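First comes the structure, then the notes that go with it.
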Amino acid sequence: MEIKDIDFKIEPVMPERLDFRIGCIGAGFIMSDCHLVAYRDAGFNAQAITSLSLNESEAAAAKHNIPKVYKTWQELIKDPEIEIIDIAIPPHLQLSVIREIVKQNDHIKGVLCQKPLAINYKEAKLIVELCEEAGIKLGVNSNMRYDQSIRALKSILNKGYLGEPILGTIEMRAIPHWQKFLENYDRLEILNMGIHHIDSFRYLFGDPERITALTRNDPRTIFKHSDGISQYTLQYADGLMATSLDDVWAWPGEGTEKDIYIKWRIEGSDGMAKGTIGWPEYPVPTPSTLDFTSRQFPDQWIRPRWDKVWFPDAFQGTMAQLLIAVESNSEPEISGKDNLNTMLIIDACYLSIKEQRTIHLSELV
């Protein structure tokens, strides 16, 4: 095979039916600037929207040509024409919304929940069970799985170009915007930002056996939090280690130069891949990158490039995988059931921090 013939599979598979009628709960940045932009570009059919702010809902509806605006989510989910619910609200509220959605399973066939699915494994499991009992397909918006570099990395791992994975690392030097509702949580960075990295490791390598996490407070974050600057390592049965350093301090402030980025690197027995995530440059559209070298293509770096970006293009994939599950009566690629193992690792990280030890996942189930 020639290098030019490699299919890096960055494009999401699309459902045959694009006109599923989608009702959107939430009209803030992640919905209006990411979900709905991606859906428009994919040809998906957003039909209704609601949020806590009627003005915000009406603005999003006008911007994205959504015909129906509801004052409350309770009204929206009762609309018999709505088939799919897309939720973009704080994680501590998702369980209460799901409790009502499952009562509408005569017309609601699928739900896409924001990540994290809940604030802990126990609540996430309840959400999964409620949807399973109602026969509603549940997908989770773990959108880093659809970042183009992560998608391409999964493809070259599947093809064996890197051989047996030995070490995986993510290094994040970036400053997230902590939403106001997070001030009421004790869990901060790992639950809300690190979860991307943990879920991506699971997507790439599967489930680990044990987890070790360390953290310190973030001096910039003035409200109470248990985890700020975080480091956590997933250890696998075959010896693979996958570790992430999440530095949300990153830049001391005015008078110093910025050095903001997210980098990842995978080392295998037959090759190595490295890349960058373009998200820290948002709203400037900055594609993520991947470079790899392999014994199968000796003495060179292979550097595929693309124009698409994580925010908002990856959000096509997270909705597409749910729609495919609904139309084919199959399990979503990022199902709620699968996501429970991501939530289990999150719980393990916080237990590791609290007890200052390595946690075996088998302890928690």
Considering each of 322, 351, 340 in turn, give the residue that is free of Cβ contacts under 8 Å to residues at least 60 places away in the same chain and assigned to a helix (DSSP H, G or I). 351
Tell me which residues, restricted to the stretch 125-172, are of a type in the set (S, T, N, Q) and closer than 14 Å to residue 322 by Cα. 141, 142, 143
Quick check on residue 265: is it over 23 Å from the mean Cα position of the chain (by Cα) and assigned by TED's automatic domain parsing to the domain that holds residue 172? no
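What do you reckon, is residue 63 surrounded by 14 or more Cβ atoms within 10 Å (Cβ to Cβ), under 25 Å from residue 137 (Cβ atoms) and not β-branched (Val, Ile, Thr)?
Taking the combined requirement at face value, the residue does not satisfy it.
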Looking at the stretch 277-288, is at least one residue in a strand (DSSP E or B) and either within 30 Å of residue 29 (Cα to Cα) or out of contact with any Cys (no Cβ under 6 Å at 6 or more places or on another chain) (or both)? no
Just one listed residue, out of 320, 273, 348, is buried (at least 20 other Cβ atoms within 10 Å of the Cβ) and outside the structural domain of residue 213 (by TED's automatic domain parsing), and it is 320
Restricting to the stretch 293-311, and then to whatever is touching a Pro at 6+ places or on another chain (Cβ under 9 Å) and not aliphatic (A, V, I, L, M), can you tell me which residue is farthest from residue 6 (Cα to Cα)? 311
Within the stretch 229-260, can you find the residues that are within 19 Å of residue 218 (Cα to Cα) and either β-branched (Val, Ile, Thr) or in contact with a helix residue (DSSP H, G or I) (Cβ under 6 Å, 6 or more places away or on another chain) (or both)? 229, 230, 232, 244, 246, 248, 256, 260
In the stretch 27-55, how many are of a type outside the set (S, T, N, Q) and more than 24 Å from the chain's Cα centre (by Cα)? 1
Would you check if residue 335 is closer than 18 Å to residue 149 by Cα, at pLDDT 95 or above and hydroxyl-bearing (Ser, Thr, Tyr)? no
Evaluation of residue 25 against (1) touching a residue at least 60 places away in the same chain (Cβ under 8 Å); (2) over 15 Å from residue 82 (Cα atoms) (one fails), failing number: (2)
Is it the case that residue 27 is farther than 23 Å from residue 149 by Cα, surrounded by 20 or more Cβ atoms within 10 Å (Cβ to Cβ) and either touching a Pro at 6+ places or on another chain (Cβ under 9 Å) or not assigned by TED's automatic domain parsing to the domain that holds residue 323 (or both)? no
In the stretch 276-290, how many are surrounded by fewer than 18 Cβ atoms within 10 Å (Cβ to Cβ) and polar (S, T, N, Q)? 1
Given (1) crowded, with 16+ Cβ neighbours inside 10 Å; (2) free of Cβ contacts under 8 Å to residues at least 12 places away in the same chain, residue 230 misses just (2)
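With the structure loaded, tell me whether residue 47 is in a strand (DSSP E or B) and surrounded by fewer than 24 Cβ atoms within 10 Å (Cβ to Cβ) or whether it fails that test.
Yes; evaluated as a whole, the condition is true for this residue.
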Filter the stretch 265-287 for residues that are in contact with a strand residue (DSSP E or B) (Cβ under 6 Å, 6 or more places away or on another chain) and of a type in the set (Gly, Ala, Ser); which is farthest from residue 249 (Cα to Cα)? 271
Are any residues in the stretch 122-150 in contact with a Cys (Cβ under 8 Å, 6 or more places away or on another chain), more than 16 Å from residue 13 (Cβ to Cβ) and not polar (S, T, N, Q), and if so, which ones? 127, 138, 140
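The rows are residues; the columns are (1) part of a loop (DSSP other than H, G, I, E, B); (2) of a type in the set (S, T, N, Q); (3) at pLDDT 95 or above.
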| position | (1), (2), (3) |
| --- | --- |
| 227 | yes, no, yes |
| 233 | no, yes, yes |
| 239 | yes, no, yes |
| 242 | no, no, yes |
| 255 | yes, no, yes |
Going by the structure shown, is residue 82 in a helix (DSSP H, G or I) and buried (at least 18 other Cβ atoms within 10 Å of the Cβ)? no
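The values are calculated or read from the model by the stated rules, or taken from the named source; none is laboratory data. For clarity, every value in this text was computed on a predicted model and none was experimentally measured. Here Cβ is always computed from backbone atoms with ideal geometry, including for glycine, and neighbour counts include all displayed protein chains.
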